[in-house]
Amino acid sequence: MHVTLDQARALDALARHGTFKAAAKALHKGHSAVLYLVDKLEEQTGLELLDRGGYRTRLTAAGAQVLEHCRQLLAAERDLVSACAEIKTGWEPSLHVVFDGVFPAAPILRVIGALHAEGAPTRLKVAADFLGDVEARFVREDADVMITVLPPHVTGLKVIKLPPLRARLVAHRNHPLARHEGKLRREDLDAHVLITVRGSDPRLQLSTVALERRSAVHLPDFTAKKAAIMEGIGFGWLPDHLMERELRRGELVALPLDKGSTHAFEPRLCHREVRLGRAASRLVDVLTRRETR
């Protein structure tokens, strides 16, 4: 069965205007042309769509159901026309961004807020995840852009290196490790709880990775992780941009680990090898020249 958009428009116009004459006028067609389109639609569907027995032509129950589907076709046509018009102006129909929660959300959200305020026609969606779950979500949801601190497994991506994010191994000032004199060794940490976000990943090359096999607490995000460290429950890695105030006030203390108590996360912005639309290009421009605050 091949239902044309002209047939769908004819049935829709007849339902809205009540007569073939009025429908023909609305469609700027001749009366016989509209009558032919509806007759052909009945022939192709094998259904009686119109009740012609009364003074006014009315839809049968079958005709009302077919009309619903015809209107869906017409709505899809309108969406396509709108999308094509947006694409011609450079705006992509949608932009789905997935980023690692260690990355500062503020610059991403500022771009999203600015685009919305400007009335950009692109539908915007942003989600956060952590470590390997970022790429898994990027693939599962067929997202457009991801910001990850791990080297991507997906092939065929355009990868742009972003400015590094410095993190430090910290504890609350009242935690026993914060009062330790001199360099801390692995054995000094063993008796204490390491706070992590959903575990770690050996690709990060953190100096504490071996400790996670022992006493560790895995939390869902960095907000919970920071809260646990501030409560003195344990120690862990936090990016500088999440704890500047606490470091400045001395509430958190950087731990002098002999194997290194600072780490540079290396975020990468990845997108599929296609030409970026205006919304995605704005995001890339801001993040490649951003400050992380």
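Restricting the calculation to Cα atoms, every distinct pair contributes to the Kirkwood radius of the chain, found to be 23.8 Å. Each label point was placed 7 Å from the Cα along the Cα-to-Cβ direction; for L124 and T19 their separation is 5.1 nm. Model label points for L80 and L247, set 7 angstrom from Cα along the Cα-to-Cβ axis, are 5.5 nm apart. Taking label points 7 Å from Cα along the Cα-to-Cβ direction, K40 and A62 give a separation of 2.0 nm.
Highest mean packing first, where packing is the average number of other Cβ atoms within 10 Å per residue, the peptides 146-157, 115-126, 4-15, 276-287 line up as 4-15, 276-287, 146-157, 115-126.
When ranked by the protection proxy of mean other Cβ atoms within 10 Å per residue, highest first, what sequence do the peptides 74-85, 226-237 form?
Values: 74-85: 11.5, 226-237: 19.9.
Top to bottom by mean Cβ count within 10 Å: 226-237, 74-85.
Taking the DSSP bridge list for the chain and keeping only pairs wholly inside it, about 60 percent are antiparallel.
Computed from backbone phi with θ = phi - 60° and the Karplus coefficients 6.51, -1.76 and 1.60, the 3J(HN,Hα) list for the stretch 78-84 is 4, 4, 5, 4, 5, 4, 5 Hz; x is used for glycine and proline. In the chain, helices alone account for a calculated mean residue ellipticity at 222 nm of -12000 deg cm²/dmol, with every DSSP H run of four or more residues adding -39,500 (n - 2.57). Comparing Cα centroids, the stretch 42-79 and the stretch 246-293 end up 56 angstrom apart. Label point of D6 set 7 angstrom out along Cα-Cβ; within the stretch 20-41, amide nitrogens under 18 Å from it belong to 20-21, 23-41. Lysine pairs in the chain whose alpha-carbon atoms fall under 30 angstrom of each other, counting only those eight or more residues apart or on distinct chains, come to 19. Within the stretch 140-154, whose backbone N sits under 12 Å from a point 7 Å along Cα→Cβ of E266? Those under the cut-off are 149-152.
Given a Förster distance of 22 angstrom, what is the FRET efficiency for D285 paired with M230, based on the Cβ-Cβ distance and rounded to 0.05? Calculated transfer efficiency: 0.05. Cα centroid separation, the stretch 101-131 to the stretch 144-190: 23 Å.
Every read-out reported here was derived from the displayed coordinates using simple, explicitly stated rules and does not represent laboratory data. Everything numeric in this text was worked out from a predicted model, so none of it was measured. Methodologically, a virtual Cβ is constructed for each residue, glycine included, from the backbone with ideal geometry; neighbour enumeration extends over all protein chains shown.
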